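Notes follow once the structure below has been shown.
Every number here is computed from the coordinates shown, using simple stated rules; none is lab data. Bear in mind the structure is a predicted one, so any value in this text is a computation, not a measurement. When we count neighbours, we look across all protein chains shown, and the Cβ atoms used for this are built from the backbone with ideal geometry, even at glycine.
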Amino acid sequence: MLRSQNLYRVLGNAENFTTILRGVDVTIGRREYVSIVGASGSGKSTLLYLLGGLDRPTQNDPETQKPFDPPSRVFIGGEDTTGLGETQLASLRNEKCGFVFQFHYLLKEFTAAENVALPMLKLGKLSRRDAIDKAVGLLKQFGLADKATRRANRLSGGEQQRVAIARALANDPAVLLADEPTGNLDRKNGDRVAEIFDELGSKGQAIVMVTHDTALAKRAGRMITMEDGRIISDVGREGAGTPRNE
Ligand SMILES: Nc1ncnc2c1ncn2[C@@H]1O[C@H](COP(=O)(O)OP(=O)(O)OP(=O)(O)O)[C@@H](O)[C@H]1O
Ligand SMILES: [Mg+2]
């Protein structure tokens with residue numbers, strides 16, 4: 001579903017640069033629930049954003065000014081993103097990927113249902129009525145049936161994060177990408193979000209979740225550990241014999 005090849009992300013210029021990702025090769029299967037852990041600054045968010053097409057790989061080695069060998073690439077749904085323009089990349093991303101962040105970025109003057117319906121309206125495949133109906137269905141699934149018409153800024157933090165998950169799922173993404181989805185929540189709300197991820201994962205929704213919380217990370221079928229811009233361990237990989245990924 002998502003794949004990186006010799007993935008590099010370098011910031012700065014030839015004289016002064018920082019290498020954030022150093023040749024990451026990873027493949028996320030279409031039904032895998034994967035967590036990414038590692039120390040702060042190890043490159044987890046950078047990897048997640050690159051895999052989801054929110055950022056682009058660095059093509060050239062800053063020392064030699066030549067392309068990395070093999071080339072630094074990201075494939076989304078089998079498609080090489082390298083040559084895509086911004087609009088093409090955005091539409092591939094909107095079609096295949098749903099994002100959940102630590103801070104939810106809901107539109108606070110809009111209702112819960114409107115927030116969830118927005119990505120559907122943006123894609124333009126559903127009427128407003130159908131989008132709202134589908135949004136209400138998703139909210140119901142996450143225990144928010146009675147909050148659908150409430151404005152986002154009048155929901156609790158935990159409720160807002162569940163609305164954000166519903167919004168990320170609005171366009172039936174092939175993969176859900178989450179960066180510290182419980183990072184801003186108390187224990188109870190964090191557990192609730194973790195349960196939602198477990199349930200989605202057990203239904204075969206592909207998920208890539210970055211987290212500091214190792215207990216949460218262990219609930220995924222596969223756990224990737226990063227250190228200093230590299231993957232140093234990858235446990236439970238698809239095809240490696242875990243029942244979930246058969
Ligand atoms: N725009 C940027 N400018 C400069 N440095 C950056 C930028 N983005 C990331 N970095 C650096 O790249 C490294 C990796 O960042 P990244 O956000 O991917 O780490 P992380 O593993 O997600 O960390 P955390 O657990 O703290 O969220 C860090 O050292 C960070 O300071
Ligand atoms: Mg991060």
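What list of ³J(HN,Hα) couplings, whole Hz, do you get for segment 10-27 from phi and the Karplus terms 6.51, -1.76, 1.60, once you set θ to phi - 60° and write x for glycine and proline?
Values, residue by residue: 10, 10, x, 10, 4, 7, 9, 9, 10, 9, 8, 10, 10, x, 8, 10, 8, 10 Hz.
Work from the charge dipole of the chain (Cβ charges, +1 for Lys and Arg, -1 for Asp and Glu, about the Cα centre) and give the residue of M223, P71, V175 farthest towards its positive end.
It is V175, whose Cα lies furthest towards the positive end.
Mean 1/r over all different Cα pairs, inverted: what Kirkwood radius does the chain give, in Å?
18.7
Using Cα pairs closer than 8 Å and at least 6 residues apart in sequence, work out the relative contact order for segment 2-245, in percent.
For segment 2-245, the relative contact order is 29 percent.
For a label point 7 angstrom out from the Cα of Q59 toward its Cβ, which stretches of segment 11-31 have the backbone nitrogen within less than 17 Å?
11-14
Alpha carbons only, please: Rg and Dmax for segment 74-117, in angstrom.
Final numbers for Rg and Dmax: 13.9, 38 Å.
Say the cut-off is 30 Å between C-alpha atoms; which of K44/K147; K122/K218; K66/K218; K122/K188; K147/K203; K44/K134 go over it?
Those over the limit are K44/K147; K122/K218; K66/K218; K122/K188; K44/K134.
Loop-only check: which trypsin sites (Lys or Arg not before Pro) in segment 181-213 are DSSP coil with at most 10 other Cβ within 10 angstrom?
Those that pass, being in a loop and sparsely packed, are K203.
Starting from the Cα of T214, step 7 Å along the direction of its Cβ; do the same at D69; then give the gap between the two resulting points in nm.
In this crude label model, T214 to D69 measures out at 4.0 nm.
Give me Rg/Rg_expected for segment 94-178, where Rg uses Cα atoms only and Rg_expected = 2.2 N^0.38 Å with N residues.
My calculation over the Cα atoms of segment 94-178 gives 0.96.
Using just the helices of the chain, give the 222 nm mean residue ellipticity in deg cm²/dmol: DSSP H runs with n ≥ 4 each add -39,500 (n - 2.57), and the total is spread over all residues, rounded to 500.
After summing the helix terms and dividing by the residues of the chain, the value is -9500 deg cm²/dmol.
Using Cα-only point scatterers and the Debye equation, what is log10 of I(q)/I(0) for segment 1-91 at each q in 0.13 Å⁻¹, rounded to two decimals?
The Debye formula, applied to the Cα set alone, gives -0.43.
Using modelled backbone amide H atoms (1.01 Å from N, in-plane), which distant-in-sequence or interchain residues come within less than 5 Å of F142's amide H?
none
Rounded to the nearest 10 degrees, what's the angle between the helix 187-202 long axis and the longest principal axis of the chain, both from Cα atoms, 0 to 90?
The angle comes out at about 70 degrees.
Based on the Kirkwood radius over alpha-carbon pairs, what is the Stokes-Einstein translational diffusion coefficient of segment 104-246 at 20 °C with 1.002 mPa s viscosity, in µm²/s?
The diffusion coefficient I find is 133 µm²/s.
Using θ = phi - 60° and the Karplus curve 6.51 cos²θ - 1.76 cosθ + 1.60, what whole-Hz ³J(HN,Hα) does each residue of segment 39-47 get, with Gly and Pro shown as x?
With the stated coefficients, segment 39-47 comes to 4, 4, x, 6, x, 4, 5, 4, 4 Hz.
For segment 108-124, what does the Karplus curve 6.51 cos²θ - 1.76 cosθ + 1.60, with θ = phi - 60°, yield as ³J(HN,Hα) per residue in whole Hz, taken in order and with x for Gly and Pro?
Whole-Hz 3J(HN,Hα) from phi for segment 108-124: 6, 8, 9, 6, 3, 5, 5, 4, 6, 6, 3, x, 5, 5, 4, 6, x.
About its Cα centre, what dipole magnitude does segment 2-245 give when the only charges are +1 on Lys and Arg Cβ and -1 on Asp and Glu Cβ, stated in debye to the nearest 20?
So the magnitude is around 840 debye.
What is the angle, in °, between the Cα long axis of helix 128-141 and the longest principal axis of the Cα atoms in the chain? Nearest 10 is fine, range 0 to 90.
90
Which percent, to the nearest 5, of DSSP beta bridges fully inside the chain are antiparallel?
55
How far is helix 86-96 tilted, in degrees, relative to the longest principal axis of the Cα atoms in the chain, given as a value from 0 to 90 rounded to the nearest 10?
60
Give the Cα extents of segment 94-137 along the principal axes, in whole Å, largest first.
30, 26, 17
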